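The values are calculated or read from the model by the stated rules, or taken from the named source; none is laboratory data. These numbers come from a predicted model, not from an experiment. Glycine gets a Cβ as well: all are built from the backbone with ideal geometry, and neighbour counts include every protein chain shown.
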Amino acid sequence: MIEFRSVTKRFPDGTVAVDSFDLVIPPRKTTVLVGSSGCGKTTLLRMINRMIDPTSGSIIIDGEDTAGLEPVKLRRRIGYVMQNSGLLPHRKVIDNVATVPILNGTPKREAREHALGLLDTVGLDRSLADKYPRQLSGGQQQRVGVARGLAADPNILLMDEPFGAVDPIVRAELQQETIRLQEGLGKTVVFVTHDIDEAFLLGHQVVILQKGGHIAQAGSPAEILAAPANDFVASFVGADKGKRALRIQRVGDRDVVVDENGTPTGVLQP
Amino acid sequence: MKWLESNLDLVWELVLAHIGLSVPPILIGFLVSIPIGWVANRYRPSRGVILVVLGLLYTVPSIPLFIFMPIFLGTPLLSPVNVVVALTIYAVALMVRTAADGLASVDDDTLLAASAMGYSGWQRFWRVELPLSGPVLLSGLRVVSASTVSLATLGVIIGVQSLGYLFTNGFQRNIPAEVITGIVATLVIAVVFDLLLVLIGRLLLPWSTPDRRRRAARRTTPALVAGGVS
Ligand SMILES: Nc1ncnc2c1ncn2[C@@H]1O[C@H](COP(=O)(O)OP(=O)(O)OP(=O)(O)O)[C@@H](O)[C@H]1O
Ligand SMILES: [Mg+2]
């Protein structure tokens with residue numbers, strides 16, 4: 001469990017990126033922070049592994065205040081996946097994945113062996129192991145990024161718009177893969193995106209943010225759709241324009257669900 | 001040609017002396033430049049000052065610098081150390097800017113990712129920043145190498161043996177073959193050093209030079225496959 005307790009981050013130039021933020025992130029679930037550009041998502045994420053230190057307030061992981069932990073050690077036990085993969089261009093795929101365990105003291109051979117297994121886990125062919133990152137497609141690089149994030153078998157995986165730069169089809173694949181991995185491995189995933197559809201797809205808990213890291217609404221996708229807390233949320237999730245409004249049409253003896261344009265999207269099961 | 005044949009021993013001796021004068025400044029200049037370049041890159045306000053001051057050093061005329069070296073260093077007049085130190089100063093003057101540029105060329109996202117993975121500051125420098133600046137550092141080192149090999153000829157002015165001897169002696173005694181031999185030998189050393197540096201780069205930075213063989217292989221593979229099928 002990760003807990004934010006009235007966390008504020010003021011950057012040296014005076015920007016208040018996050019203003020007394022409170023949130024409980026449940027273990028073994030996916031929590032998605034969603035909001036438009038500049039609302040403080042990345043800042044919040046990076047405060048979890050102490051890439052950024054809060055100005056005030058505290059972040060508690062499994063009962064431990066992170067302020068008392070050694071940042072480098074903390075980072076080695078939290079996976080981090082970012083946009084554009086952030087792979088080390090001078091290390092082969094396999095070494096990129098094996099890096100964190102090796103930093104943690106795992107013998108090289110063992111770490112590389114384990115890394116090969118992780119390539120399978122994220123759906124990459126083992127033949128890519130000896131390639132350099134630039135020889136891979138964007139989607140493949142992103143998968144390597146995920147494998148690297150998982151390599152030290154962390155309980156927590158932080159993902160900062162990991163699929164922001166890949167095409168929609170690959171993106172959809174990677175999203176499914178993420179759901180499968182999270183369920184299979186039982187990781188606590190904190191996922192940042194500005195795409196509300198992605199947030200609803202992946203999130204057990206979705207946190208809709210406004211500027212300064214103010215929470216407009218937090219809850220399950222169903223709760224948010226059923227009762228948007230205010231006009232901002234309604235408009236953000238598209239409820240105001242009827243985007244989410246589905247209706248039932250009786251066709252013969254079946255109930256067909258249609259969207260706001262009357263286009264059928266599915267059939268209600270009895 | 002005649003002149004060269006009868007003076008091979010002298011030329012060989014001078015070539016070795018020339019190499020001996022050139023290698024230490026190239027290596028020391030490289031090693032000294034990296035921490036200075038790191039400071040210039042890390043503390044942005046210092047960057048301009050450091051680069052301008054060291055850049056100016058390169059414009060100090062070489063003959064006075066060579067002549068004043070013994071006074072600064074307290075070394076004997078004819079000591080090769082005078083030349084080595086002077087050449088090192090030029091090497092640093094040339095190399096620091098490249099070192100700073102090389103370190104600045106490393107992608108911020110990559111550094112960020114390295115920190116997020118749990119590299120400590122020190123580890124990140126040695127295992128990420130330095131190797132990734134490699135291609136830029138190498139290009140700077142090649143310039144320094146050529147410049148140093150060429151400047152080392154001037155050692156003769158203060159009586160330190162180098163291929164420059166063939167210029168002055170050949171000129172005074174009016175033996176064009178001797179002068180030409182000096183020029184060619186200097187060029188050959190410069191070219192060999194350059195090739196060595198490129199080779200070292202290939203070995204140490206395999207990720208940066210797109211592997212020609214592999215690219216060629218990728219181009220030809222479909223053709224081969226097609227051929228195999230038909
Ligand atoms: N190092 C910094 N110094 C000063 N201001 C910063 C710094 N990092 C971020 N900010 C500011 O803090 C605010 C929040 O930034 P943050 O990167 O957390 O936003 P974000 O929600 O991740 O946005 P995006 O969707 O564009 O990635 C922004 O106004 C940003 O300009
Ligand atoms: Mg961001």
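Residue-by-condition table, conditions (1) away from ligand 1 (no atom under 16 Å from the Cβ); (2) touching a Cys at 6+ places or on another chain (Cβ under 8 Å); (3) modelled with pLDDT under 95:
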| position | (1), (2), (3) |
| --- | --- |
| A:Gly57 | no, no, no |
| A:Leu88 | yes, no, no |
| A:Gly105 | yes, no, yes |
| A:Ala115 | yes, no, no |
| A:Thr121 | yes, no, yes |
| A:Gly139 | yes, no, yes |
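Looking at region A:73-160, the helices (runs of 4 or more DSSP H) lying wholly inside it that each contain 1 or more residues that are within 12 Å of another protein chain (Cβ to nearest Cβ) and of a type outside the set (S, T, N, Q) sit at A:93-103, A:138-150.
Report yes if A:Met47 is over 21 Å from A:Gln205 (Cα atoms) and within 14 Å of chain B (Cβ to nearest Cβ), otherwise no. Taking the combined requirement at face value, the residue does not satisfy it.
Taken over region A:96-118, the residue count meeting the criterion of being touching a Leu at 6+ places or on another chain (Cβ under 8 Å) and either surrounded by fewer than 21 Cβ atoms within 10 Å (Cβ to Cβ) or farther than 21 Å from B:Glu129 by Cα (or both) is 1. A:Asn49 passes every criterion in (1) away from ligand 2 (no atom under 16 Å from the Cβ); (2) touching a strand residue (DSSP E or B) at 6+ places or on another chain (Cβ under 9 Å); (3) not acidic (Asp, Glu) apart from (1).
Across region A:18-49, what is the number of residues that are of a type in the set (D, E, K, R) and more than 11 Å from ligand 1 (Cβ to nearest atom)? Residues flagged as of a type in the set (D, E, K, R) and more than 11 Å from ligand 1 (Cβ to nearest atom) within region A:18-49 amount to 3. Going by what's in this entry, would A:Ile52 be described as away from ligand 1 (no atom under 15 Å from the Cβ) and not in a helix (DSSP H, G or I)? Judged against the criteria, A:Ile52 is not a match. Here A:Ala165 meets the list (1) surrounded by fewer than 19 Cβ atoms within 10 Å (Cβ to Cβ); (2) farther than 25 Å from A:Pro26 by Cβ; (3) away from ligand 1 (no atom under 16 Å from the Cβ) almost entirely, failing just condition (3).
Name every residue in region B:111-138 that is in contact with a helix residue (DSSP H, G or I) (Cβ under 7 Å, 6 or more places away or on another chain) and polar (S, T, N, Q), in order of residue number. If the condition is that a residue be in contact with a helix residue (DSSP H, G or I) (Cβ under 7 Å, 6 or more places away or on another chain) and polar (S, T, N, Q), then B:Ser115, B:Ser120, B:Ser133 are the ones that fit. When the helices (runs of 4 or more DSSP H) confined to region B:34-135 are screened for residues that are among the aliphatic types (A, V, I, L, M) and within 14 Å of chain A (Cβ to nearest Cβ), those reaching at least 1 such residues are found at B:108-117. I'm checking my understanding of the structure. Among residues of region A:1-45 that are within 16 Å of ligand 2 (Cβ to nearest atom) and free of Cβ contacts under 8 Å to residues at least 24 places away in the same chain, which one is farthest from A:Gly79 (Cα to Cα)? So, considering only residues that are within 16 Å of ligand 2 (Cβ to nearest atom) and free of Cβ contacts under 8 Å to residues at least 24 places away in the same chain, the one farthest from A:Gly79 (Cα to Cα) is A:Thr15.
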